[in-house]
1. So which residues in the stretch 154-182 are small (G, A, S), farther than 19 Å from H231 by Cβ and under 17 Å from the mean Cα position of the chain (by Cα)?
2. Please verify whether R58 is free of Cβ contacts under 8 Å to residues at least 24 places away in the same chain and more than 27 Å from V140 (Cβ to Cβ), treating the condition exactly as stated.
3. Are there any pairs, at least 6 apart or on different chains, whose C-beta atoms fall under 9 Å, with the first in the stretch 221-241 and more than 20 Å from P264 (Cα to Cα) and the second acidic (D, E) and surrounded by fewer than 24 Cβ atoms within 10 Å (Cβ to Cβ), and if so, which?
4. Checking the conditions here, which among S33, S26, S19 is out of contact with any Pro (no Cβ under 7 Å at 6 or more places or on another chain), surrounded by 20 or more Cβ atoms within 10 Å (Cβ to Cβ) and of a type in the set (S, T, N, Q)?
5. Which condition does L227 not pass, out of (1) surrounded by 19 or more Cβ atoms within 10 Å (Cβ to Cβ); (2) hydrophobic (A, V, I, L, M, F, W, C); (3) part of a helix (DSSP H, G or I), if it passes all the others?
6. Looking only at residues that are open to solvent by less than 60 Å² (accessible area, probe 1.4 Å) and farther than 17 Å from K11 by Cβ in the stretch 287-297, which one is modelled with the lowest pLDDT?
7. Quick check on my filter: what residues within the stretch 253-276 are hydrophobic (A, V, I, L, M, F, W, C), touching a Ser or Thr at 6+ places or on another chain (Cβ under 8 Å) and either part of a strand (DSSP E or B) or open to solvent by 10 Å² or more (accessible area, probe 1.4 Å) (or both)?
8. Would you mind finding the one in I289, I269, I261 that is touching an Asp or Glu at 6+ places or on another chain (Cβ under 6 Å) and either on the phi > 0 side of the Ramachandran plot or of a type in the set (A, V, I, L, M, F, W, C) (or both)?
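The values are calculated or read from the model by the stated rules, or taken from the named source; none is laboratory data. Nothing here was measured: the structure is a model prediction, and the numbers come from that model. Cβ placement follows ideal geometry from the backbone for every residue including glycine, while neighbour counts extend to all protein chains displayed. These accessible areas exclude ligands, DNA and RNA; they are computed on the full protein's heavy atoms, side chains included. Shrake-Rupley method; radii C 1.70, N 1.55, O 1.52, S 1.80 Å.
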Amino acid sequence: MKEINPSHYGKKINFFITSDTFPSISVTGDLCSLMCQHCRGKLLQRLIHATTNKELERKAILLHRKGAKGILLTGGCDERGCVPIKNLIPAIKRLKEKTDLVIIAHTGFISPGEAGLLKNSGLDGIGFDVMGDMNSVSEVYGLRVSQKEYTDSLQAISRSGLFIFPHVCVGIHFGKLSGEYRALEMIRTIAPTAVIITGLMPIAGTPMEKIKPDPSDFETVLKKAILMFPHTPVLLGCAHSSGKDRADIEKVALLCGVSGIAAPAMNTIKFAEKNGFEINFYGTCCGLIPDEKMKLKNPSES
């Protein structure tokens, strides 16, 4: 690991810690039609489940009463790569009327009509995974789609007026770089709220359980993203490997000059403190614009 460049002293960094304040809800429960090579639906098992409007409204209100500031609606995909968020529009509308929850979603592929309906429901923003190599999409996700389907969804979300924070996953092609730069080029066709760089997570019980991307690949992709989006926050998302590699990737991200890091390790927080970063903590999804009311105390001081 390189020594920190003196130019980083005093640089601002936002850390996002969302476990209690911004929980994730699967609108499909454990179900996913794709059963991708890297997940097999196992990530859904860890989430709160709410598959009906009544259940979503009830659980979200309980979370709000317990202090949640927002929720992420996500879930498994159908055979076309879409998450059925639109089925929960009545609950989203009622939650926005009854609470001040920030509500965002992972939708998968989406049409202009669906994006417009979600905007009208009160949904605040959408995180959209972008792949630049269609062979990887086929081999990892089992989807036969074109680049146009990705750019059409990006345009649909952007034109709806929703916040959009596209995600690019480092090493999703069995741990190797394949299409990440192209994905960034595709994102440049819109004006994103933020660009989120994530990475393959090794998950037990999947074909990729022993595969991790090289931390140096994160450095390459992060530097490229920061260069390509000089006026847009580029952040390291919550999914970025595990164990020692995870901490190493976070240090790489700090040295590259990212605007924020989601779910940082305590050692990363201490590293930033030691090296003169001006740190803010937020209890919100890293793709959203930081808000003063979402600020948290430094967990290392708790």
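1. Across the stretch 154-182, the qualifying residue is only G171.
2. It is true that R58 is free of Cβ contacts under 8 Å to residues at least 24 places away in the same chain and more than 27 Å from V140 (Cβ to Cβ).
3. M228/E185
4. Answer to the selection: S26.
5. (1)
6. Of everything passing the filter in the stretch 287-297, M294 is modelled with the lowest pLDDT.
7. Taking the stretch 253-276 as the starting set, the residues that turn out to be hydrophobic (A, V, I, L, M, F, W, C) are 253-256, 258, 261-263, 265-266, 269, 271-272.
Those left that are additionally touching a Ser or Thr at 6+ places or on another chain (Cβ under 8 Å): 254, 261-263, 266, 269.
Scanning the stretch 253-276 gives I261, A262, A263, M266.
8. I261
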